[in-house]
Structures are given as C-alpha cells and as structure tokens.
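The next block holds one structure in the form of structure tokens; read it before the comments.
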Amino acid sequence: SRVPPDTLYFFGDNNFTEWGPLFQHYVPPPFRIPGTSPAYSFGIAGGCGMGTCGMGSGRHWGLAPPPNPPTTAGSGSGVPFHWHGPGFSEVIFGRKRWFLYPPDKTPHFHPNETTLAWLQHTYPTLPPAQRPLECTLRPGEVLYFPDRWWHATLNLDTSVFISTFLG
C-alpha cells in the first residue's frame, strides 16, 4: 500500500478524546508567552518527493515507518508563504524544510502556488540577499517562529508534526 501524498492538518480545538493517546505522550517544549494559552495543531503529511522516505525513528511516539514506504516521488506537500502570531513547530517523524522572512521582507510568491513549485521556479532566480532564512527540522527538533514572520514549509518525507501557537 502507498502513503497518500496528501497532508492532513488538525487546527484549533482538537478533539482530545479522539486524539487522546497522541496528546498523552506529547510533552510540549517549555516555551510560553505570559497571559496566553497555547493552541495546538498537528499534521500528517504523506509522500516522499524530496528525499529518503521515513527519515527518523518515531520511537518517541510509538510511530514506525510505513511497512512499504513509497519509492516514487510524492507531492512535496507543504504550506505556501503565510504569517500569523508566534509559535513553534516540532517534527515527530520525517523532515520538514522551513523558509522564513522577517515581517519587513515580503516574499515573492503567488498565493495559489505550492511551496514545491516556488522552490523549483522562483527560488533559483532570487539573488542571495533576497533568499529566505532556511532550515530543515528532523525528529525531536523545534523551530520558534516569531510574530508576523512570513514562512513556508515543505515536507521532505512522510512527516508527523505538531505546532503550538502562542498568541
């Protein structure tokens, strides 16, 4: 069986009964903004378009690589450039590439273009001074994204991730 190339996101007030086993094991990083309550979202992204499938053990969560990981290119799923309040994102399984711009540098992108299309077509034409800050998160790694920073993501493998919004 193949892992679908889709990305499933669960935002806002998640059903903690249905997803209880997942959240019982999750220990969020100790980052807070005084006077706010964190809001969780998590996602599961299929596909293996940009690298080796199944990177990361997932042992921390009791997750295992798919029994028959896809060997052909997936969709390179992700989220195009957007911004919102501050928070952090943690990868539980797989790898997620991040592209970030500060609030005063609006990235050049089309809102209906995927991150993969942007990476393939727009990114190579950008002069070095106009390129975003970049990193790739692996299992157990956390990225803090400040308030109103532009960011886009690209799942490099089948991925499981959790974001916590702090504002």
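Throughout, read-outs are computed from the coordinates displayed, never taken from laboratory work. Computed from a predicted model, the values in this text were never measured in an experiment. Heads up, the Cβs are rebuilt from the backbone with ideal geometry, glycines too, and the neighbour counts pull from every protein chain shown.
Show me the ranking of peptides 93-103, 20-30, 142-152, 128-138 by mean Cβ neighbours inside 10 Å, starting with the highest. Working shown, then result.
Details: 93-103: 20.5, 20-30: 11.2, 142-152: 16.7, 128-138: 12.7.
Peptide ranking by packing, descending: 93-103, 142-152, 128-138, 20-30.
With a Cα-only, solvent-free Debye model of segment 102-154, what are the log10 I(q)/I(0) values at q = 0.23 Å⁻¹?
-1.08
Given the peptides 107-115, 37-45, 159-167, arrange them by the average over their residues of other C-beta atoms within 10 Å, most packed first.
With the highest mean Cβ count within 10 Å placed first, the list reads 159-167, 37-45, 107-115.
Quick one: divide the alpha-carbon radius of gyration of segment 126-167 by 2.2 N^0.38 Å and tell me what you get.
Values: Rg = 12.4 Å, N = 42, 2.2 N^0.38 = 9.1 Å.
Compared with the compact-globule rule of thumb, segment 126-167 sits at 1.36.
Read phi for every residue in segment 88-98 and hand back ³J(HN,Hα) as whole Hz from Karplus 6.51 cos²θ - 1.76 cosθ + 1.60, θ = phi - 60°, with x for Gly and Pro.
Result, ordered by residue: 9, 10, 10, 8, 9, 8, x, 9, 9, 8, 10 Hz.
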